[in-house]
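Heads up: the structure comes next, in structure tokens.
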Amino acid sequence: MQVDNDFQIPKTLCGQTYQLNRDMSQQDVMNRMDIKVSGLLKFDEPMSQHTSWRAGGKAKYYFEPAGMDDLCRYLRAVEPDEPVLMLGLGSNLLVRDGGFAGSVIALGKSFSKLEIDELKGQVYVEAGVPCAKVARASARKGLCNAEFLAGIPGTMGGALAMNAGAFGGETWNIVRSVTTVDRSGQIHKRVPQEYTIAYRHVQMPAEEWFISAELQLQKDKEGKSEQSIKQLLEKRASTQPMGLPSCGSVFRNPPGDHAARLIEASGIKGKQIGNACISEKHANFIINKGDATATDIETLIKFARETVREKFSIDLQPEVRIVGNEINSNQ
Ligand SMILES: Cc1cc2nc3c(=O)[nH]c(=O)nc-3n(C[C@H](O)[C@H](O)[C@H](O)COP(=O)(O)OP(=O)(O)OC[C@H]3O[C@@H](n4cnc5c(N)ncnc54)[C@H](O)[C@@H]3O)c2cc1C
């Protein structure tokens, strides 16, 4: 994860001054951007509605493409200096309260194909498919090695971008190839060797996004996959604050240690800033207790990081992606 400070709100975007106006119709937004798309296009969309923290600022443009052609048409039409953020289920994302001054593109329903060849153990999955669906469908077809995906509340696109993992499993361990799209709408087929892949980190070409993946799974000879999924979910429920708005683990585990252990040993479990609170159940989770702002959450992340650094001389690296502008940044 990176804390991303790169996105600045330009004074003008698409040649027009950025002014907030939620009442624009889709036609108004298309006119403003000078494009025509079939999917859902909104202006000034609250990202709190699209992130599991239920907090954060607005996206200047929010687009759900109706399909591949629609996505490519949109990418080609976006101004070259306008930032683009691909969105899955927003389960690892914090958009600062000043908002994201660009296009957020959500690959949801129109990128939801999942095909399983149980004889070959191969799975074709599009980026908008929830990870849990991949785990369950694969297990039902008698395949194993995707069970770890069952408890990850994101999409396959997000899992590829994050190298999401749990209980010893990691997304890129089961990837045979991926399809990506770049900003000019060009499609690429890539293999894992083209990426630098690490724990919760994937170095990928800038401005290129995952569209689909081919996974290679194994035959579940012992018939245990479905039972393992059940056990993994039970384990999760007993150790994590389920059902409360969070983004899962805020920090990556440092080598040989656990971020949760370090935070707990720093004595800051339960610490609250505004309505953001370090979970009593799992110290690497920050939960939104009500109407926490992105600023509350980010301030608490910084507080936890500084406290652990002072006590243990370990600089925890955030896993959650933080994007957008501070509330008072000059628009
Ligand atoms: C309760 C809870 C438990 C969690 N447990 C785990 C866990 O056990 N293991 C784990 O690894 N994570 C866990 N997470 C974090 C999160 O679910 C994962 O990181 C997940 O992979 C994010 O997927 P997403 O679709 O929600 O991505 P988002 O949060 O929408 O996006 C995350 C990042 O991926 C990028 N991205 C999204 N889609 C694409 C795409 N198609 N192409 C390129 N980039 C893209 C985004 O731009 C962003 O930078 C948990 C989160 C919660 C809330």
For the chain, what is the charge dipole size about the Cα centre, in debye to the nearest 20, if Lys and Arg each add +1 at the Cβ and Asp and Glu each add -1 at the Cβ?
800
To make sure I understand the rule: partners must be aspartates and glutamates, Cα under 16 Å from the Cα of K230, and not fewer than 8 residues away in the same chain. Which ones qualify?
E147, D220, E222
Computed from every Cα-Cα pair in the stretch 12-109, P(r) in 10 Å bins starting at 0 and rounded to whole percents is 16, 53, 30, 1
Rounded to whole Å, give me the distance from the Cα center of the stretch 292-331 to that of the stretch 69-129.
25
Once phi for every residue in the stretch 143-159 is put through the Karplus expression 6.51 cos²θ - 1.76 cosθ + 1.60 (θ = phi - 60°), the whole-Hz ³J(HN,Hα) values, with Gly and Pro written as x, are 10, 10, 4, 9, 4, 4, 5, 4, x, 8, x, x, 9, 5, x, x, 5
Which entries of K120/K189; K58/K271; K60/K189 have Cα-Cα distances beyond 22 Å here?
K58/K271; K60/K189
Assigning unit charges at the beta carbon (Lys, Arg +1; Asp, Glu -1) and nothing else, what dipole magnitude in debye, to the nearest 20, does the stretch 250-331 show about its Cα centre?
200
In whole Hz and in residue order, list the ³J(HN,Hα) couplings for the stretch 200-217 that follow from phi through the Karplus curve 6.51 cos²θ - 1.76 cosθ + 1.60, θ = phi - 60°; x for Gly and Pro.
6, 8, 9, 8, 10, x, 4, 6, 9, 10, 7, 10, 7, 9, 10, 10, 10, 10
Restricting to Cα pairs below 8 Å that are 6+ residues apart, what does the relative contact order work out to for the chain? Please round to a whole percent.
20
Percentage, to the nearest whole number, of Cα pairs in the chain over 39 Å apart:
14
Projected onto the charge dipole of the chain (+1 at Lys/Arg Cβ, -1 at Asp/Glu Cβ, origin at the Cα centre), which of S238, G102, L41 gives the Cα projection farthest towards the positive end?
S238
For the chain, with a Gaussian network of springs between Cα atoms less than 10 Å apart, report the residue from D44, D296, D70 with the top mean-square fluctuation.
D70
Can you quote the Å³ per residue value for the convex hull of the Cα atoms in the stretch 112-226, rounded to an integer?
93
Of R96, R261, R305, which is the most mobile in a GNM of the chain whose springs link Cα atoms less than 10 angstrom apart?
R261
If I require 24 Å or longer along the helix axis, counting alpha carbons, and a Kyte-Doolittle average no lower than -0.5, what helices from the chain are left? Use full DSSP H segments.
294-312
Using θ = phi - 60° and Karplus 6.51 cos²θ - 1.76 cosθ + 1.60, couplings along the stretch 189-199 (whole Hz; Gly, Pro as x):
9, 10, 10, x, 4, 7, 10, 9, 10, 9, 4
Express as a percent, rounded to the nearest 5, the fraction of DSSP beta bridges in the chain (both residues included) that run antiparallel.
80
Let me spell out the model: positive unit charges on the Cβ of Lys and Arg, negative unit charges on the Cβ of Asp and Glu, origin at the Cα centre of the stretch 165-227. What dipole size does that give, in debye rounded to 20?
120
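Bear in mind these aren't lab numbers, they're just calculated from the coordinates by the rules spelled out. Bear in mind the structure is a predicted one, so any value in this text is a computation, not a measurement. Glycine gets a Cβ as well: all are built from the backbone with ideal geometry, and neighbour counts include every protein chain shown.
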